[in-house]
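Here's the structure we're looking at; comments come further down.
The values are calculated or read from the model by the stated rules, or taken from the named source; none is laboratory data. Please read all numbers here as calculations on a predicted model, not as lab measurements. Cβ sites come from the backbone with ideal geometry, for glycine too, and all protein chains shown count toward neighbours.
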Amino acid sequence: MIDWQPYGPIYTVSPGIKKINDLPIIEFDDQEERYLKLKKQAKENIFFDDLFSPLHEKVICNKINSIIKKEYPHKNKTFDDFIDMGFALQEDVAIFHRSNKLIALHVSFPSGWIPKEKIGLSFANIHRPVPGMESFLKNENKYVEMMVEATTPIIRYVWGQHHGYYLCKQEPLAPEIKVMLTERQTFVGLPEFDIGIFLIRKKVMLYEDTTADFKVWYEKMLETMSEDQKKYKLED
């Protein structure tokens, strides 16, 4: 089931940052095998900026290892390689540096964006195509610091839709079939190393299978979106 309940009653591009509270930092569920198999089939999904170092790789793997050990002690997952780590999580992974630069990506399930076009960019340049983000982008350094300093993880949710495939292009559908998606985005800061780990858990559901409550909420979203926002959010 998609995570649509955390969204408000109207459409907004506000970051909507929340404390993670009792939610797991990393999510494993009964779709784990499917997600990981699809990740192996993805193309052009792993990219590094020159700023990414062996030390970054080590501390990222150590942090993910410690989270999994605490949240899933029965799982035999230990990593010392960023690429292997990314293939073993249902989440996609991005690494942001305090210098305001995206320095690593392991993304198999992007929602309407092309990973190789984002590596090395600043927070503002990554989000510039999003209509209505202008005021937030003026404070981009604030959000970079928030990501890097998130020693207690924080989360936000985004939603969208696409047609013609389910979770990714390796799961094709008829071109007219509408799929709803949500992303739970979790930020884990490593301030002593000037980086933040950005975990993106994408979930999908056929629009026709969503509940009546969801469809009412969805129509309210559409009613409160500008034409530019509809074009960006709803067109494949």
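State whether one or more residues within segment 30-41 are in a loop (DSSP other than H, G, I, E, B) and not basic (Lys, Arg).
The answer is yes, given that some residue of segment 30-41 is in a loop (DSSP other than H, G, I, E, B) and not basic (Lys, Arg).
With respect to the numbered conditions (1) touching a helix residue (DSSP H, G or I) at 6+ places or on another chain (Cβ under 6 Å); (2) over 16 Å from TYR232 (Cβ atoms); (3) in a loop (DSSP other than H, G, I, E, B); (4) not basic (Lys, Arg), which one is the sole condition not fulfilled by PRO131?
If we test PRO131 against (1) touching a helix residue (DSSP H, G or I) at 6+ places or on another chain (Cβ under 6 Å); (2) over 16 Å from TYR232 (Cβ atoms); (3) in a loop (DSSP other than H, G, I, E, B); (4) not basic (Lys, Arg), just (2) comes out false.
With respect to ASP80, determine if the residue is of a type outside the set (Phe, Trp, Tyr), farther than 14 Å from LYS39 by Cβ and surrounded by fewer than 23 Cβ atoms within 10 Å (Cβ to Cβ).
yes
Hey, among MET180, MET147, which residue is hydrophobic (A, V, I, L, M, F, W, C), in a strand (DSSP E or B) and within 16 Å of the chain's Cα centre (by Cα)?
On inspection, the qualifying residue turns out to be MET180.
Would you confirm whether any residue within segment 86-94 is among the small types (Gly, Ala, Ser), under 25 Å from LEU167 (Cβ atoms), modelled with pLDDT of 95 or more and not in a helix (DSSP H, G or I)?
Looking through segment 86-94, at least one residue is among the small types (Gly, Ala, Ser), under 25 Å from LEU167 (Cβ atoms), modelled with pLDDT of 95 or more and not in a helix (DSSP H, G or I).
Among the residues of segment 208-228, are any part of a helix (DSSP H, G or I), at pLDDT 95 or above, within 28 Å of HIS56 (Cβ to Cβ) and of a type outside the set (Val, Ile, Thr)?
no
Check segment 153-162 and report whether any residue there is surrounded by fewer than 17 Cβ atoms within 10 Å (Cβ to Cβ) and outside any strand (DSSP E or B).
No: segment 153-162 contains no residue that is surrounded by fewer than 17 Cβ atoms within 10 Å (Cβ to Cβ) and outside any strand (DSSP E or B).
Pick from segment 35-44 the residues that are at pLDDT 95 or above and more than 19 Å from ILE68 (Cβ to Cβ): which of them is surrounded by the fewest Cβ atoms within 10 Å (Cβ to Cβ)?
Among those residues, the one meeting the criterion is LYS37.
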